[in-house]
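Working notes for the structure below.
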Amino acid sequence: MKDELKDAVAGLGEIGTPIMQLISKATPVVGYDINEKLMNLAKFKKYEKLDTCFLHICIPYNKNFESNVVSLYKRFKPDGIVIHSTISPGTTSKLQSKLPIPVIYSATRGVHKRMLYDLKRYTKFYAIEPDAPNAKWASSEYVKLMKKCGVKTKKMTNPLTLELAKIVVDTSYYGWLINYAQISNMIAIRNKVDYDEMWSFADEIHKYLGNRPKMFPGYIGGHCLDGNEIIFIKTNLGMRPVTIKDYIEKDYTNDILSYDKENKKPFFDKVTSKWKRTFSGTMVTLTSRTNRSITTTDEHIMLASDDLSEKFAKDIKTNDYIPFAAQLPDLKIQYSFDFKSKNWRLAYNMPRSITITEDFCRLLGYYVAEGSVSNYGKGYSIRFSFNKNETQYISDVCNILNSMKINHYITTQNNVTHVGIKSTPLSLFIADTLGCGRNSTAKNLPEFIYFASRKMKEEFMCGYFRCDGSFSPEIGMVQAGTSSKLLAAGLDILLLSMGFVMTLSERIHSSSVIEGRTIKGGLLYSLISKKEIQYNKLASIAGFSGSQVPRNHSKNLWHIIHDNLYMIGTTKIVHQEAEQEVYSIDTKNHLFVSTGGRVIHNCVIPNLDLIHHQTLDLIKKLNDTYAKKVKNSKSISKKYRH
């Protein structure tokens, strides 16, 4: 028999930390986590040579759970394993078949904020496969350990019973009780009666019979985004960014940009549910080294570190690396558009067809930067506005229009030269069909450009950077600015997919005077880079080859994994109490790409995805319905919690 042993706890989150604190009263114990900042490294090294008795598994359950446990077994070589995590039914049995040591499942009960107290208060149920190796020893030693910790134990017949009990009798049953409270509250609201007064009828019944519990009619969940966060939807022509608020309130059904962790590639995924609700609690804003930020509820699940492990937003630490999309899915785009109309307004000054070419992409770049569409009374017109000295760009626009056989005019007023096109069909084609927008605040990228050839993307960027970009060789800085948040989001993810990781800046720009009119200052979004290789490449694309600068800005703000994810560190974390509307979506794959290209987890209800049954799925559906019907569903729950 070994003289001195230690226990080890893997996963130092809201379950693992109190488990380690509990066990430390009875035996030497070390904690292990992929985030070394959570570990006591000195203690870990001190006990490194001690053999491990029990390895306590407290890592979140996901599709890699079993392989992760096997890896941990190989690392610690314990005599036995105890799983405290909530897991999918059958997991213990599968792990037992893969390991030569006994595997115990011991479900955890309690509230996270007082977990250590609840661990001592509740009986710790456990189970082990009857034919597990050294099952009698494992059961006996685990009971002794818990007794030393002051915890009562009770053994179940087999792990499957306990796995089902945790989900069906605990999480799901609790969900059904809240569902009934939600339904009864909606009935009370519809009939304009008081929920508490109505339920007082059951007080004595529950007192004497114990079978009429009154539950708070709150919302199940809490993992949502601020409404201004952006997602990327698939369209008929390609893709465009929208706020999650608009996606839900305007009832979009488009597939959204996601990432497949298993196959390690981006794709468009189907949205399975979406909802909006009032949240009262802690909102967390995470900001990256490149100044990309996202605001979520504190328990929204984020991906962190190179293994794409999962963490609550509130648990993200400074310098934690977060994944950002470095690649977009392959998508076939439409390159040719036919225009045939007997209506002269829809045929005036318009070719019979337009083919998407590199020159046309450059024209769109000019338009997105300096173009607008307006109604001149008899139809719509396009106008490009340049400084009168930008003769090269004015000539380039005119040459492209001439090649398309589109009539245009040129006027100069003060220092501004306009290239105008009176053509309703061309105006609406560029602004609406291609999705470029009609004015500066509504501008967006053409929806197809994300999936066009590399050369077409570069030609678009050439037109855009010539007008709304600036190159400062003396400091080696390139930047592009816009007053459209959605355009900035589109430019950001397009540049990411082209290999350019820019820093995002937001500031209020001052008022300006154009043609005698005072243009009020507003929020300006800028994408900036001081890295030499990025500066030089973008300068070359825009035709500023003479502006290239030999400057070494070597500080690396990111690294790449899987050839398609940038891992960018977190530099700032803000926790703020708020009461506000928040928005949630779920996709089949449980991931989606949000603001700045950040890959994050879905807005899921805890543990309900661990077991699939048609009846249990109704919990989520009723929960979604409640969020839509009752605006203050989250704040209601606080009234009833003790």
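Data for the structure
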| read-out | value |
| --- | --- |
| Long-range neighbours under 9 Å by Cβ, at least six apart or interchain, first residue over 16 Å from Glu229 (Cα atoms) and in contact (Cβ under 8 Å) with a residue 24 or more places away in the chain within segment 571-599, second open to solvent by less than 70 Å² (accessible area, probe 1.4 Å) and in a helix (DSSP H, G or I) | Ile573/Ala313; Ile573/Lys314; His575/Lys314; Glu579/Lys634; Glu579/Ser635 |
| Of all residues making up segment 194-231, the number that are modelled with pLDDT under 90 and among the β-branched types (Val, Ile, Thr) | 2 |
| Qualifying residue in segment 132-146 (condition: touching a His at 6+ places or on another chain (Cβ under 6 Å) and either among the aliphatic types (A, V, I, L, M) or open to solvent by 50 Å² or more (accessible area, probe 1.4 Å) (or both)) | no |
| Some residue of segment 132-147 being at pLDDT below 95 and over 15 Å from His84 (Cα atoms) | no |
| Lone qualifier among Lys43, Lys49 - being more than 29 Å from Asn158 (Cβ to Cβ), open to solvent by 30 Å² or more (accessible area, probe 1.4 Å), not aromatic (Phe, Trp, Tyr) and not in a helix (DSSP H, G or I) | Lys49 |
| Output for segment 278-305, where each listed residue is open to solvent by less than 40 Å² (accessible area, probe 1.4 Å) and more than 26 Å from Pro60 (Cα to Cα) | Thr278, Thr290, Arg292 |
| Pairs where the first residue, in segment 472-496, is part of a loop (DSSP other than H, G, I, E, B) and the second is of a type in the set (Asp, Glu) and surrounded by fewer than 23 Cβ atoms within 10 Å (Cβ to Cβ), C-beta under 9 Å, 6+ apart | Gly476/Glu532 |
| Any hit, segment 147-166, residues being open to solvent by less than 50 Å² (accessible area, probe 1.4 Å) and within 21 Å of Met215 (Cβ to Cβ) | yes |
| Selected residue (criterion: modelled with the highest pLDDT) from residues of segment 264-309 that are acidic (Asp, Glu) and more than 16 Å from Cys224 (Cβ to Cβ) | Asp269 |
| Qualifying residue in segment 339-353 (condition: crowded, with 18+ Cβ neighbours inside 10 Å, aliphatic (A, V, I, L, M) and without any contact (Cβ under 8 Å) to a residue 40 or more places away in the chain) | no |
| Of all residues making up segment 407-447, the number that are touching a Leu at 6+ places or on another chain (Cβ under 8 Å), of a type in the set (Val, Ile, Thr) and either in contact (Cβ under 8 Å) with a residue 40 or more places away in the chain or not in a strand (DSSP E or B) (or both) | 4 |
| Cβ pairs under 7 Å, 6+ apart, first in segment 1-30 and in a loop (DSSP other than H, G, I, E, B), second hydroxyl-bearing (Ser, Thr, Tyr) | Ile15/Ser85; Ile15/Thr108; Pro28/Tyr47 |
| Residue check, Ser374 open to solvent by less than 40 Å² (accessible area, probe 1.4 Å), in contact (Cβ under 8 Å) with a residue 24 or more places away in the chain and either touching a His at 6+ places or on another chain (Cβ under 6 Å) or assigned to a strand (DSSP E or B) (or both) | no |
| Filtered residue count, segment 78-115, keeping only those that are more than 16 Å from Tyr126 (Cβ to Cβ), among the hydrophobic types (A, V, I, L, M, F, W, C) and not in a loop (DSSP other than H, G, I, E, B) | 1 |
| Residues satisfying the stated conditions in segment 152-166, i.e. hydrophobic (A, V, I, L, M, F, W, C) and in a helix (DSSP H, G or I) | Leu160, Leu162, Leu164, Ala165 |
| Single match in Tyr105, Tyr122, Tyr117 (criterion: aromatic (Phe, Trp, Tyr) and within 33 Å of the chain's Cα centre (by Cα)) | Tyr105 |
| Checking Arg75 against (1) part of a helix (DSSP H, G or I); (2) surrounded by 16 or more Cβ atoms within 10 Å (Cβ to Cβ); (3) out of contact with any Ser or Thr (no Cβ under 9 Å at 6 or more places or on another chain), the condition it does not meet | (2) |
| Filter result (out of contact with any helix residue (DSSP H, G or I) (no Cβ under 6 Å at 6 or more places or on another chain) and closer than 30 Å to Asp298 by Cβ) within segment 91-110 | Thr91, Ser106, Thr108, Arg109 |
| Failed criterion for Thr92 (all others in (1) of a type in the set (Val, Ile, Thr); (2) closer than 19 Å to Lys311 by Cα; (3) crowded, with 18+ Cβ neighbours inside 10 Å hold) | (2) |
| Residue match in segment 559-569 (condition: buried (at least 18 other Cβ atoms within 10 Å of the Cβ), part of a strand (DSSP E or B), touching a strand residue (DSSP E or B) at 6+ places or on another chain (Cβ under 9 Å) and at pLDDT below 90) | no |
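The rows are residues; the columns are (1) within 17 Å of Ile493 (Cβ to Cβ); (2) open to solvent by less than 10 Å² (accessible area, probe 1.4 Å); (3) in contact with a Ser or Thr (Cβ under 8 Å, 6 or more places away or on another chain).
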residue	(1), (2), (3)
Pro425	no, no, yes
Leu428	no, no, no
Ser440	no, no, yes
Tyr450	yes, yes, yes
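Residue by residue, here is whether (1) more than 21 Å from Gln479 (Cα to Cα); (2) assigned to a helix (DSSP H, G or I); (3) without any contact (Cβ under 8 Å) to a residue 12 or more places away in the chain; (4) open to solvent by 10 Å² or more (accessible area, probe 1.4 Å) holds:
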{"residue": "Val368", "(1), (2), (3), (4)": "no, yes, no, no"}
{"residue": "Phe386", "(1), (2), (3), (4)": "no, no, no, no"}
{"residue": "Ser395", "(1), (2), (3), (4)": "yes, yes, yes, yes"}
{"residue": "Lys405", "(1), (2), (3), (4)": "yes, no, no, yes"}
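The values are calculated or read from the model by the stated rules, or taken from the named source; none is laboratory data. These numbers were taken from a predicted model, which means no experiment stands behind them. Methodologically, a virtual Cβ is constructed for each residue, glycine included, from the backbone with ideal geometry; neighbour enumeration extends over all protein chains shown. For accessibility, only protein heavy atoms count, side chains too; no ligands or nucleic acids. Shrake-Rupley method; radii C 1.70, N 1.55, O 1.52, S 1.80 Å.
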